[in-house]
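Values quoted throughout were computed directly from the atomic coordinates according to the rules given, and no laboratory measurement underlies them. Note that this is a predicted model, so its numbers are computed, not measured. Ideal geometry is used to build each Cβ from the backbone, glycine not excepted, and the neighbour counts take in all protein chains shown.
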Amino acid sequence: MAFEAVLDPDRWAPDGSRTYHVGVDLGTATIVTAVVDEAGTPAGGMLSRSGSSIRDGLVLDYMGAVAIVQRHVQTLKNAGFSFTHGAAAYPPGTTGKNAQAFANVLTAADIEVAGLVDEPSAAALTLDIEDGAVVDIGGGTTGISVLEGRRVVYTADEPTGGVHVDLVLAPAHACRGWVRRAGSPRGGRWPGGGSYDCGLMIADCGLKRRLEKFDLFKIHNPKSEIRN
């Protein structure tokens with residue numbers, strides 16, 4: 001069952017005899033709490049706007065993030081899900097106290113931390129990827145993980161995400177007279193002349209620079225693949 005389906009409380013069917021586990025994603029745009037059973041099958045979940053709690057992969061408003069996760073946990077437990085342990089994912093390159101802050105949020109929400117893992121590596125494990133690259137375009141950053149023989153050989157985090165792409169593309173949609181090049185979904189022209197290329201999101205993220213040294217045959221987008 002796709003995770004989106006279990007975001008609907010009407011689809012929740014907790015089994016009191018089962019032990020569930022929790023994963024928390026503290027994202028720039030949203031904070032997600034996912035509940036899975038022993039087999040790793042999604043059983044429940046909640047999603048809330050993070051507001052100003054998370055910015056570019058860092059916990060800025062600790063109490064705000066804790067309040068959101070606590071609300072998720074309480075709602076899920078009230079619905080009948082029984083869990084004590086959970087894990088959190090953080091942007092690659094996050095170290096020291098910045099990474100520990102993700103664990104502290106879970107602890108404050110009464111979740112015993114079973115592990116911390118960088119986001120693209122977590123996606124690679126979920127998608128069972130053996131060789132290739134995972135590119136996780138988030139709201140504030142883009143995480144990259146390269147795998148060879150199921151082993152993570154490289155991780156990186158680019159300070160560019162969906163928010164930045166919106167800021168680049170929004171003026172084009174706001175300006176009257178903006179016209180797309182016929183037959184080309186990748187580009188357009190500004191009203192006053194000149195053109196832009198939607199491929200700039202790849203250039204801005206530095207993906208080509210990051211990945212060109214690897215012999216890759218497939219790049220995975222975890223958000224689209226997990227939905228399917």
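Once the Cβ-Cβ distance of residue 49 and residue 154 is raised to the sixth power relative to R0 = 30 Å, the FRET efficiency obtained is 0.40. Residue ranges 147-159, 33-45, 7-19 sort as 33-45, 147-159, 7-19 when ordered by packing (mean number of other C-beta atoms within 10 Å per residue, highest first). State whether region 8-158 is rounded, prolate or oblate according to the following rule on the C-alpha gyration tensor (a ≥ b ≥ c being the square roots of its eigenvalues): a/c under 1.5 gives rounded; otherwise a/b larger than b/c gives prolate, and the remaining case gives oblate. Because a/c hits 1.5 or more and a/b fails to exceed b/c, region 8-158 counts as oblate. If a spin label sat at a point 7 angstrom from the Cα of residue 71 along the line to its beta carbon, the backbone N atoms of region 31-55 nearer than 13 Å would be those of 31-33, 46-53.
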